[in-house]
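Working notes for the structure below.
The values are calculated or read from the model by the stated rules, or taken from the named source; none is laboratory data. Treat the numbers as computed from the prediction; the structure is a model and nothing was measured. Cβ atoms come from the backbone with ideal geometry, glycine included; neighbour counts cover every protein chain shown. Note: accessible area is taken over every heavy atom of the protein model, side chains too, but ligands, DNA and RNA are not part of it. Shrake-Rupley method; radii C 1.70, N 1.55, O 1.52, S 1.80 Å.
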Amino acid sequence: MFVETYILRLLAGFLEYGTLSAVADKLYTSQPAVSRAFKKLEDEIGAPLFERKKNRIELNEKGRTVAEYAKRIMDLQGEMMEKVSPQGATRTFSIASVAILPAMRMVQELQEKYPGAQVTYEIIDNEAGVLKALNEGTADIGITLKAPRAKKYRAEKYMQERLSIALPKKHPLAKRKSIRLRELKGETIIQRSNVGFWEQVKRKKIPDVTFIKHDSTKGISKLIEQSSLLTFVSDHPFDYEIPKDRKIVPLADREMNVEFFKVTLASTP
């Protein structure tokens, strides 16, 4: 049996923080992603590690034992990095990204690769701003929608993301196979506070929509659960949980299905 490092990191985080929402916020992921990781671990071990209650979960006796081992493994990994690469444990990274999800994914990847590293990110709603951050040295890594052509940059394909819309099953558009943004005219939609370039696209194509925004995954999940409002949904597991009474319909606009590039200065080692 092989347990992936990111699962051990999440489990050690649960031992420290005590709730799924706290682990998600502290480790830059989402509650659904954490839940899936824990379920995968239970399947691999072949035994439950949590007591699942109505609004929360707790480690059972076996779960606490596994979590304590996870913490020891992560501590040893950090100690190893300090011994063999003194700069690795104290290394810092800054990310400038045109969208929130690739930035969060990059944070997780860097923290797994460099245990103990300090990683921050900034969401900038245009590519020119991202490249400016790289040029001025305020960002080590940029995430853009296109690969810059100038030879001073090094670019590689990083990931794709597609957005859909989650609607109540009784909504008039819920039976559709796809929807265009203009068809959401007059709706009220829940979304993150800072979504980068997506904001410009939505404002341009559906200027008469009311947006209710929140900074955290936990806050958005609560708003969705307590209302019948629409919300945007990513095709990646960093997103928030969608209630079973919602229908997820893909958005047909080309701007809702994009590719991201990881960009660094060519002079960066």
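What the table below lists for this structure:
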| read-out | value |
| --- | --- |
| Hey, E61 over 21 Å from I220 (Cα atoms), open to solvent by 70 Å² or more (accessible area, probe 1.4 Å) and at pLDDT 85 or above or not | yes |
| Out of I190, I179, sole residue that is modelled with pLDDT under 90, open to solvent by less than 20 Å² (accessible area, probe 1.4 Å), out of contact with any Gly (no Cβ under 9 Å at 6 or more places or on another chain) and β-branched (V, I, T) | I190 |
| Members of the stretch 40-50 found to be exposed (fewer than 13 other Cβ atoms within 10 Å of the Cβ) and without any contact (Cβ under 8 Å) to a residue 12 or more places away in the chain, listed by number | D43, G46 |
| Evaluation of S227 against (1) within 24 Å of the chain's Cα centre (by Cα); (2) in a helix (DSSP H, G or I); (3) without any contact (Cβ under 8 Å) to a residue 60 or more places away in the chain (one fails), failing number | (2) |
| Qualifying position, being in contact with a Leu (Cβ under 6 Å, 6 or more places away or on another chain), open to solvent by 70 Å² or more (accessible area, probe 1.4 Å) and outside any loop (DSSP other than H, G, I, E, B), among K71, K132 | K71 |
| Tally, over the stretch 138-195, of residues that are part of a loop (DSSP other than H, G, I, E, B), under 21 Å from A99 (Cβ atoms) and touching a helix residue (DSSP H, G or I) at 6+ places or on another chain (Cβ under 7 Å) | 6 |
